[in-house]
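What follows is a single structure, written as structure tokens, with notes after it.
The values are calculated or read from the model by the stated rules, or taken from the named source; none is laboratory data. The model shown is predicted, which means the values in this text are computed figures rather than measured ones. Here the Cβ is made from the backbone with ideal geometry for all residues, glycine too, and neighbour counts use every protein chain on show.
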């Protein structure tokens with residue numbers, strides 16, 4: 001990471017004010033009276049989670065993290081803005097719509113680390129590409145040398161899907177500093193209508209440099225029951241008990257449609273980083289990804305959390321950490337950026353975000369410290 005400049009990241013997309021019910025019991029019956037330990041508000045949704053995570057990691061540097069989302073002039077919207085500012089993120093690009101209501105979500109966080117979600121999407125339902133691009137125009141991104149544009153949760157934003165998303169990402173890229181990385185984070189892909197889910201994403205895949213999704217979502221989005229399983233060389237460090245050949249073939253389908261890098265969340269089993277075999281697609285990019293080996297695939301372990309586990313936002317943290325590394329690994333880092341290194345950095349970011357002691361910034365290690373940990377091999381224990 002090269003400090004002392006005004007380069008930055010724009011975190012755009014869905015936002016909501018989360019009410020977390022921490023330490024919930026689960027008796028197994030919908031009518032059972034459950035208990036929780038405490039109720040906590042936090043900034044939720046992709047734009048909020050990626051933006052605040054990166055802002056907390058970059059405190060004390062001159063790196064700018066801009067949040068681009070839509071809120072209403074209400075308690076939830078004002079509270080979100082305060083969370084952003086407290087984390088150190090810029091709110092200059094946040095759109096406040098006087099006629100809209102800010103989204104809110106209630107999240108029971110169970111004692112076993114799992115969570116539920118009840119949400120009213122509110123103003124996210126009406127957030128349009130034109131509104132997003134209009135806010136982007138408020139920032140002179142050419143002058144600020146913005147290195148990455150991260151967009152999240154299109155499947156929960158009806159105006160930001162299919163051809164509309166493709167056009168929006170293409171227009172955003174034209175407004176960014178040349179070579180800026182475009183990342184998209186999925187959430188809420190509905191398997192009840194696989195064709196509609198694929199139609200929401202497929203037109204935009206050629207515009208996406210890094211796509212983050214989980215195991216269930218990759219199965220929904222793959223149109224490939226006839227695709228042959230991907231073949232692996234023995235040198236590839238893939239645990240086939242964790243990532244089966246069918247799933248690798250499904251990831252390959254996304255590459256064939258133009259996505260350069262797939263970051264696949266595997267929960268407690270870690271993550272898979274898959275690089276397109278298309279050399280020309282990689283060479284279109286000027287970020288460190290352009291130097292990666294075409295077709296490389298590596299699995300990254302998940303690190304063991306010592307404090308109380310809160311996995312809310314773990315995927316957002318993994319995604320934001322990976323995209324930051326892939327776009328911002330500068331000459332001051334002696335460790336070469338490979339898919340394994342970028343994935344390890346991302347896993348460390350998620351590790352801190354899942355630990356109740358560090359998730360909100362208190363005691364959180366900085367981005368530069370995480371890089372030093374990788375260089376020194378001073379890493380936490382990996383979950384087995």
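Residues 72, 51, 45: which one is in contact (Cβ under 8 Å) with a residue 40 or more places away in the chain and on the phi > 0 side of the Ramachandran plot?
On the way: 72 fails: on the phi > 0 side of the Ramachandran plot; 51 fails: on the phi > 0 side of the Ramachandran plot.
Of 72, 51, 45, the one residue that is in contact (Cβ under 8 Å) with a residue 40 or more places away in the chain and on the phi > 0 side of the Ramachandran plot is 45.
Within the set 99, 90, the sole residue that is surrounded by fewer than 18 Cβ atoms within 10 Å (Cβ to Cβ) and farther than 30 Å from residue 23 by Cα turns out to be 99. Being in a helix (DSSP H, G or I), within 23 Å of residue 121 (Cα to Cα) and in contact with a strand residue (DSSP E or B) (Cβ under 6 Å, 6 or more places away or on another chain) is true of residue 47.
Among the residues of the stretch 259-301 satisfying the criterion of being part of a loop (DSSP other than H, G, I, E, B), buried (at least 20 other Cβ atoms within 10 Å of the Cβ) and modelled with pLDDT of 90 or more, which is farthest from the chain's Cα centre (by Cα)? I'd like the intermediate steps shown before the answer.
The initial filter retains those residues of the stretch 259-301 that are part of a loop (DSSP other than H, G, I, E, B), namely 259-260, 266, 270, 276-278, 284-287, 292-296, 301.
Of the ones still in play, those that are also buried (at least 20 other Cβ atoms within 10 Å of the Cβ) are 259-260, 270, 276, 285, 287, 292, 301.
Narrowing the set further to residues that are modelled with pLDDT of 90 or more leaves 259-260, 270, 276, 292, 301.
Working: 259: 15, 260: 16, 270: 15, 276: 19, 292: 21, 301: 17 Å.
Of everything passing the filter in the stretch 259-301, 292 is farthest from the chain's Cα centre (by Cα).
Here is a yes/no grid of residues against (1) modelled with pLDDT of 95 or more; (2) crowded, with 18+ Cβ neighbours inside 10 Å; (3) under 23 Å from residue 263 (Cβ atoms); (4) in contact with a strand residue (DSSP E or B) (Cβ under 6 Å, 6 or more places away or on another chain):
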position	(1), (2), (3), (4)
112	no, no, no, no
116	no, no, no, yes
125	yes, no, no, no
128	yes, no, no, no
138	no, no, no, no
154	yes, yes, yes, no
163	yes, no, no, no
171	yes, no, no, no
182	yes, yes, yes, yes
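Just a yes or no: is a residue in the stretch 60-70 more than 30 Å from residue 164 (Cα to Cα) and in a strand (DSSP E or B)? No: the stretch 60-70 contains no residue that is more than 30 Å from residue 164 (Cα to Cα) and in a strand (DSSP E or B). Might you check whether a residue that is surrounded by fewer than 21 Cβ atoms within 10 Å (Cβ to Cβ) and part of a strand (DSSP E or B) occurs anywhere in the stretch 11-20? Yes: one or more hits. Screening residue 320 against (1) in contact (Cβ under 8 Å) with a residue 60 or more places away in the chain; (2) surrounded by fewer than 23 Cβ atoms within 10 Å (Cβ to Cβ); (3) under 18 Å from the mean Cα position of the chain (by Cα) leaves a single unmet condition, (2).
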